[in-house]
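Here the structure is laid out as structure tokens; the discussion comes afterwards.
Readers should treat all values here as calculations from the given coordinates under stated rules, not as data from a laboratory. Fair warning: this is a prediction, and the values are worked out from it, not measured in the lab. Cβ: placed from backbone, ideal geometry, glycine included. Neighbour counts: every protein chain shown.
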Amino acid sequence: MPIQVFLQRAISFSPSETSVKKRETLQDYQWPLLTADNRQVNLTGSKNKVVIINLWATWCPPCVAEMPAFQKLYNDYGNQVDFYFITSESPEKVAGFMEKNNYSLPVYFQQYQAPEQLESRALPTTFVISDTGEIVVRETGAADWNSKKTRQILDRLLN
């Protein structure tokens, strides 16, 4: 796993923005999720906000590889952008992983199927959604989320 994570970090590039013509608008924000302390939240609370959704798992080398970049991005944008790190793993397993790596990312646990436009069979898959619901980025595989390009996308969406 450490070698795979290292290699994934070495080959990670900035995520690609979807061309305006090909962008979809998220139609359904209805997605109940659980927090680590077993509280229910819903993605509907993030409608009309800039959102990053990352589907991940602790056993997935590309997922683990992009976490440090996400932590840096979250440190700088966490009060302006709604972040959702969504997994199907057990809360205990995820808590151990987060603590071991000193991550403070907001983790949510999937109990129900994602809205159709946010479904993915690949991990990691990350979505950047504008405040109007446009899916600006849909990236599968590890990416450098702390890149200048990503920050420019977020800055533009926040203005």
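Taking the Cα centre of each part, how many Å lie between region 81-159 and region 19-53?
Region 81-159 and region 19-53 have Cα centres separated by 10 Å.
Please work out which option in (1) 9, 30, 36, 20, 5, 0; (2) 10, 36, 33, 15, 5, 1, 0; (3) 10, 43, 38, 9, 0 gives P(r) over Cα pairs in 10 Å bins from 0, in percent calculated from these coordinates, and answer with its label.
Identified label for the calculated read-out: (3).
Given H placed on each backbone N at 1.01 Å, which residues far from V137 in sequence or on other chains put an amide H within less than 5 Å of it?
Counting only residues 5 or more places away or on other chains, the set is T18, V128.
Provide the percentage of antiparallel DSSP beta bridges, counting only those with both residues in the chain; round to the nearest 5.
Values: 17 of 25 bridges.
Percent antiparallel among DSSP bridges in the chain is about 70.
Does region 96-159 come out rounded, prolate or oblate, given a ≥ b ≥ c as the square roots of the eigenvalues of its C-alpha gyration tensor, rounded meaning a/c under 1.5 and, failing that, prolate meaning a/b above b/c? Mind dumping the intermediate values first?
Details: a/c = 1.76, a/b = 1.15, b/c = 1.53.
Judged from the Cα gyration tensor, region 96-159 comes out oblate (a/c at least 1.5, b/c at or above a/b).
Need the list of lysines near K49 for cross-linking: C-alpha distance under 23 angstrom, and skip anything on the same chain fewer than eight residues off.
K21, K22, K72, K148, K149
Before rounding to the nearest 500, sum -39500 (n - 2.57) across all DSSP H runs of length at least 4 in the chain and divide by the residue total; then give [θ] at 222 nm in deg cm²/dmol. Before the final figure, lay out the partial values.
Numbers: 4 runs with 49 residues, N = 159.
Helix contribution divided over all residues of the chain: -9500 deg cm²/dmol.
Using only alpha carbon pairs under 8 Å that are at least six residues apart, calculate the relative contact order of region 2-158 and give it in whole percent.
Values: 275 pairs, mean separation 59.2, N = 157.
Over region 2-158, the number comes to 38 percent.
Ranking Y77, Y112 by Cβ neighbours within 10 Å, fewest first, what do you get? Don't skip to the end; give the middle numbers.
Working: Y77 18, Y112 10.
Final ranking by Cβ density, sparse to dense: Y112, Y77.
Could you check what % of the DSSP bridge pairs in region 72-159 are antiparallel, to the nearest 5? Each step should come with its number before you reach the end.
Details: 5 of 8 bridges.
Percent antiparallel among DSSP bridges in region 72-159 is about 60.
Which of rounded, prolate or oblate describes region 1-80 when judged by the alpha-carbon gyration tensor and an a/c cut-off of 1.5?
Details: a/c = 1.99, a/b = 1.32, b/c = 1.51.
Here region 1-80 falls in the oblate category.
Quick one: among S19, S104, S46, which has the greatest mean-square fluctuation in a GNM of the chain with alpha-carbon springs under 10 angstrom?
Largest GNM mean-square fluctuation: S19.
Need one number: % antiparallel among DSSP beta bridges in region 6-88, to the nearest 5.
Counting only bridges with both partners in region 6-88, antiparallel ones make up about 40 percent.
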